[in-house]
Amino acid sequence: MAAHLSYGRVNLNILREAARKELREFLDKCAGSKAIVWDEYLTGPFGLIAQYSLLKEHEVEKMFTLKSGRLPPADVKNIIFFVRPRLELMDIIAENVFSEDKIHSSRDFHILFVPRRSMLCEQRLKEQGVLGSFINIDEYILDLIPYDGDLLSMEYESAFRECYLENDQTSLYHTAKGLMTLQALYGTIPQIYGKGECARHVANMMLRMKREFAGSQNQILPVFDTLLLLDRNVDLLTPLATQLTYEGLIDEIYGINNGYVKLPPEKFAQKKQGEASKDLPTEAKKLQLNSAEELYAEIRDKNFNAVGAALSKKAKIISAAFEERHNAKTVGEIKQFVSQLPHMQAARSSLANHTSIAELIKDITTSEAFFDNLTVEQEFMTGVDTDKVNTYIEDCIAQKDPLIKILRLVCMQSVCNNGLKQKVFDYYKREILQTYGYEHILTLSNLEKAGLLKPQTGSRNNYPTIRKTLKLWMEDANEQNPNDISYVYSGYAPLSIRLTQVLARPGWRSIEEVLKMLPGPHFEERQQLPAGLHKKRQQGENRTTLVFFLGGVTYAEIAALRFLSQMEDSGMEYIIATTKLVNGTTWIKSIMDRPEAQAP
């Protein structure tokens, strides 16, 4: 099922297996039949670790979503709550337990906190008078979840908000813990580099945890050579820009959640000839997206303008393979053709799906609205007119376009100009509040706190210097056969990935001046390896770097890192880890004040 996790340089299946083993052990603690009550947010991440079949093997008979009121009827001995440590969820659990106690007094209740137990939550259960009803209260440490052969995510959606708005470092503690788990499985990482306040905190916590476990050093040959910790606020520009890779656009337009995307069904309806199309399916088509699918692995990181050609090339190969059947004369040849048939049919259906998705995306990317938006983004990135009110943004506000679209553009202008002139800042603020409602004043204040939308202070705008020194804008980026990471945004090279690239060669000393202009400290730490575990590098063997984004990473940045891994002369392979996979919309939403009250 998860074979694609072990294809890469680092076998991430080891991590998945360790998580599955712990889950089995917990389920076996609760003897007898079981029903699991899920905190809805956890079902997606858990699906990547264990399918229903694994739970079934351990006597899980029913599954419910956690909601207030009574639990649905289930003839089971154990009820297990799988929840995040949130106070509001404890109140719902208390309600559930009370209503159950009245009916079935013989039931056993258990709680599994993911990823950590919380004293506050247990205190709340005690106040509600139900703490004594629980036989097992445990924690299931699910920090880093393998999403693909080179990608790990904690799916901690509030990490950026907590770190930059609420000054809450819980997510950083989870990150450090997750990295310790990783080192227990894959060996100590000898070199740690970092940039940003949060990166500094995580590195300090890791080093402290390592000192505390000094006696229990694991004798594993290190798989990773380097860990790079990057704060999201070192590069606030990249997530605001529209991603232009195939996977990035799927996420921008439809949203990818836990490896799945939901798409409009009418494109995927199998119409038989002569049939009326009146009974089109109405339920969204749900597709899984990962490198286990050969075609997706091939096209996911391409610039969208190169996807059409790749799909038509694939179509020719597949139809040629099906034509082979006419040439199969002997029994042996026919047998061989038949044995390849399932693979060929899977390839054909995969091609049909991705052709449909590409058509859906093309309808949007060829629209005038998309082009206008992109033009303004690229003007900001190249420093054109960033210091005055932008007429396109004015028009969008006047037409009452979605608020998030406006916020992304205004924040982008602010970031590329190191803050907006007070007059421009006040104008945008007034227009937004008068058009979309005064309740958004809190959202604007949050964006200001996070450094995304702010008035200019006396200091000069360093963005042009950073752009030139790190070559963040490349004219005529080659989208079809890229030779530089800037192809993922058709000209803009993500700052975060440029920093990663320079670290590998020639090293950060060469850009000391630029690093000082970016927020937060930059540092380097070394971890002592136990004797005899120093890697002997073979001639031509690549080094492996784990790049950890604190506060979120976009699919376009992931594509750029994969591109660097595949470059002939880079000598470096990258594994990517993050607190959350984000795009501009989900990221801004996480900073907004009560985004659920928003119109879409």
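Of note:
- Scope the stretch 43-60; condition at pLDDT 90 or above and surrounded by fewer than 15 Cβ atoms within 10 Å (Cβ to Cβ); matching residues: Thr43, Gly44, Lys56, Glu57
- Total residues in the stretch 376-413 satisfying the condition of being of a type in the set (A, V, I, L, M, F, W, C) and touching a Phe, Trp or Tyr at 6+ places or on another chain (Cβ under 7 Å): the figure is 6.
- Residue within the stretch 32-40 that is in a helix (DSSP H, G or I), under 18 Å from Ile145 (Cα atoms) and not β-branched (Val, Ile, Thr) present: yes
- Some residue of the stretch 376-393 being within 26 Å of the chain's Cα centre (by Cα) and over 30 Å from Thr457 (Cβ atoms): no
- Taken together, the residues in the stretch 120-138 that are exposed (fewer than 15 other Cβ atoms within 10 Å of the Cβ), of a type in the set (A, V, I, L, M, F, W, C) and farther than 22 Å from Leu23 by Cα amount to 1.
- A residue that is at pLDDT 95 or above, surrounded by fewer than 17 Cβ atoms within 10 Å (Cβ to Cβ) and farther than 28 Å from Ser6 by Cβ cannot be found anywhere in the stretch 319-335.
- Residue list for the stretch 349-387, restricted to those being more than 30 Å from Leu470 (Cα to Cα) and surrounded by fewer than 16 Cβ atoms within 10 Å (Cβ to Cβ): Ser349, Ala352, Glu359, Lys362, Asp363, Ile364, Thr366, Ser367, Glu368, Ala369
- Here the helices (runs of 4 or more DSSP H) wholly within the stretch 438-519 that include at least 1 residues being in contact (Cβ under 8 Å) with a residue 60 or more places away in the chain and buried (at least 20 other Cβ atoms within 10 Å of the Cβ) are 441-449, 463-469, 495-504.
- Any hit, the stretch 402-418, residues being surrounded by fewer than 16 Cβ atoms within 10 Å (Cβ to Cβ) and over 23 Å from Glu475 (Cα atoms): yes
- Long-range neighbours under 9 Å by Cβ, at least six apart or interchain, first residue in contact (Cβ under 8 Å) with a residue 24 or more places away in the chain and closer than 10 Å to His58 by Cβ within the stretch 24-39, second outside any strand (DSSP E or B) and of a type in the set (Ser, Thr, Tyr): Phe26/Tyr140
- Being charged (D, E, K, R), in contact (Cβ under 8 Å) with a residue 12 or more places away in the chain and crowded, with 23+ Cβ neighbours inside 10 Å holds for only one residue in Glu557, Glu573, and it is Glu557.
- Single residue of the stretch 12-41 satisfying the filter (among the aliphatic types (A, V, I, L, M) and over 21 Å from Leu182 (Cα atoms)) that is most open to solvent (accessible area, probe 1.4 Å): Ala31
- Subset tally (residues that are crowded, with 20+ Cβ neighbours inside 10 Å, of a type in the set (Ser, Thr, Tyr) and out of contact with any strand residue (DSSP E or B) (no Cβ under 8 Å at 6 or more places or on another chain)) for the stretch 151-170: 2
- Total residues in the stretch 161-189, condition among the aromatic types (Phe, Trp, Tyr) and on the phi > 0 side of the Ramachandran plot: 0
- Restricted to the stretch 537-554, and to residues there that are among the β-branched types (Val, Ile, Thr) and under 20 Å from Asn290 (Cβ atoms), the residue that is surrounded by the fewest Cβ atoms within 10 Å (Cβ to Cβ) is Val547.
- Close pairs from the stretch 325-340: first among the charged types (D, E, K, R), partner open to solvent by less than 80 Å² (accessible area, probe 1.4 Å) and at pLDDT below 85, Cβ under 6 Å, at least 6 apart: Arg325/Phe337
- Single condition Ala309 does not satisfy, out of (1) outside any helix (DSSP H, G or I); (2) surrounded by fewer than 17 Cβ atoms within 10 Å (Cβ to Cβ); (3) small (Gly, Ala, Ser): (1)
- Subset of the stretch 182-233 (residues that are open to solvent by less than 60 Å² (accessible area, probe 1.4 Å) and among the polar types (S, T, N, Q)): Gln183, Thr188, Gln191, Asn218, Thr226, Asn233
The values are calculated or read from the model by the stated rules, or taken from the named source; none is laboratory data. What you see is a predicted model, and the numbers here were worked out from it, not measured in a lab. Neighbour counts are summed over all protein chains in view; Cβ atoms, including those assigned to glycine, are modelled from backbone coordinates with ideal geometry. Only protein heavy atoms, including side chains, enter the accessible area calculation; ligands, DNA and RNA are left aside. Shrake-Rupley method; radii C 1.70, N 1.55, O 1.52, S 1.80 Å.
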